[in-house]
1. Inside the stretch 23-43, can you point out the residues that are closer than 15 Å to SER76 by Cβ and acidic (Asp, Glu)?
2. Which pairs do you get when a residue that is part of a helix (DSSP H, G or I), found in the stretch 86-112, comes within reach of a residue that is β-branched (Val, Ile, Thr) and open to solvent by less than 70 Å² (accessible area, probe 1.4 Å), reach meaning Cβ atoms under 7 angstrom, with the pair 6+ apart or on two chains?
3. Tell me the residue from VAL96, VAL86 that is of a type outside the set (Ser, Thr, Tyr), open to solvent by less than 70 Å² (accessible area, probe 1.4 Å) and farther than 16 Å from HIS149 by Cα, please.
4. Please state which one of THR42, THR110, THR132 is open to solvent by 70 Å² or more (accessible area, probe 1.4 Å) and of a type in the set (Val, Ile, Thr).
5. Limited to the stretch 105-142, what total is found for residues that are in contact with a strand residue (DSSP E or B) (Cβ under 8 Å, 6 or more places away or on another chain) and either over 14 Å from VAL82 (Cβ atoms) or β-branched (Val, Ile, Thr) (or both)?
6. Would you be able to tell me the number of residues in the stretch 85-139 that are modelled with pLDDT of 90 or more, in contact with a His (Cβ under 7 Å, 6 or more places away or on another chain) and of a type in the set (D, E, K, R)?
7. Does the stretch 31-43 include one or more residues that are part of a helix (DSSP H, G or I), in contact with a helix residue (DSSP H, G or I) (Cβ under 8 Å, 6 or more places away or on another chain) and at pLDDT 95 or above?
8. Check whether at least one residue in the stretch 69-78 is assigned to a loop (DSSP other than H, G, I, E, B), touching a residue at least 24 places away in the same chain (Cβ under 8 Å) and surrounded by 16 or more Cβ atoms within 10 Å (Cβ to Cβ), and report yes or no.
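The values are calculated or read from the model by the stated rules, or taken from the named source; none is laboratory data. Computed from a predicted structure; not experimentally measured. Neighbour counts are summed over all protein chains in view; Cβ atoms, including those assigned to glycine, are modelled from backbone coordinates with ideal geometry. Accessible surface areas use protein heavy atoms only, side chains included; no ligands, DNA or RNA. Shrake-Rupley method; radii C 1.70, N 1.55, O 1.52, S 1.80 Å.
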Amino acid sequence: LEPVPSWPANPYSHTNGFFTDMARTVIVGEAGDEAKKLVQTTRDSLYAGIKAARPGNTLNDIGRAVQGKAEAEGFSVVRELVGHGVGHMMHEDPQVPNFDISDKSLRDYTLKPGMVIAIEPMVNAGGWRVETAEDGFTIVTADGSLSAHFEHTVAITEDGPLILTAE
């Protein structure tokens, strides 16, 4: 095997193009009904958020749509980790929460054509809190419950949301 090449000094910078960001949860092997429902609900929550990503709507419209779908199915939405702007850097402003926003500066942030954001709900079967594992990288639910994560990069256009990382 060849060694894996090292990352550049700043793996998140890019000088001649743009970034996208996406994630999906895949069930490997057998899964119970709760795990299947959690994964499907998380995917559905993502698409509820994408549907709300229209010019004139706000970040709060996205967060409310994601949270509403997840909680209607009996799950909770992680609050410590959120979506974000995407462009010449992987993680740009604005933050894109997946829950009803109380911070007015984000809550009333209006979506405009030309914006590109990553919407990425993380949904838990138990409580919404998460912790960082001892490796400093892995995120786990605080209560040990199951979790799922889906994400797409979405451009806000005059005609509505355009998924740039389509499946």
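1. Result: GLU34, single match.
2. The qualifying pairs are ARG107/THR58; ARG107/ILE101.
3. VAL86
4. Details: THR42 fails: open to solvent by 70 Å² or more (accessible area, probe 1.4 Å); THR110 fails: open to solvent by 70 Å² or more (accessible area, probe 1.4 Å).
Going through THR42, THR110, THR132 in turn, the sole match is THR132.
5. 25
6. 1
7. Here is the first cut: in the stretch 31-43, the ones part of a helix (DSSP H, G or I) are 33-43.
Still in the list and also in contact with a helix residue (DSSP H, G or I) (Cβ under 8 Å, 6 or more places away or on another chain): 41-42.
Among the residues that remain, those that are also at pLDDT 95 or above are: 41-42.
Yes: one or more hits.
8. Pass one, the stretch 69-78, residues assigned to a loop (DSSP other than H, G, I, E, B): 73-75, 78.
With touching a residue at least 24 places away in the same chain (Cβ under 8 Å) added as a condition, the list becomes 73, 75, 78.
Checking which are surrounded by 16 or more Cβ atoms within 10 Å (Cβ to Cβ) leaves us with 75, 78.
Within the stretch 69-78, one or more residues are assigned to a loop (DSSP other than H, G, I, E, B), touching a residue at least 24 places away in the same chain (Cβ under 8 Å) and surrounded by 16 or more Cβ atoms within 10 Å (Cβ to Cβ).
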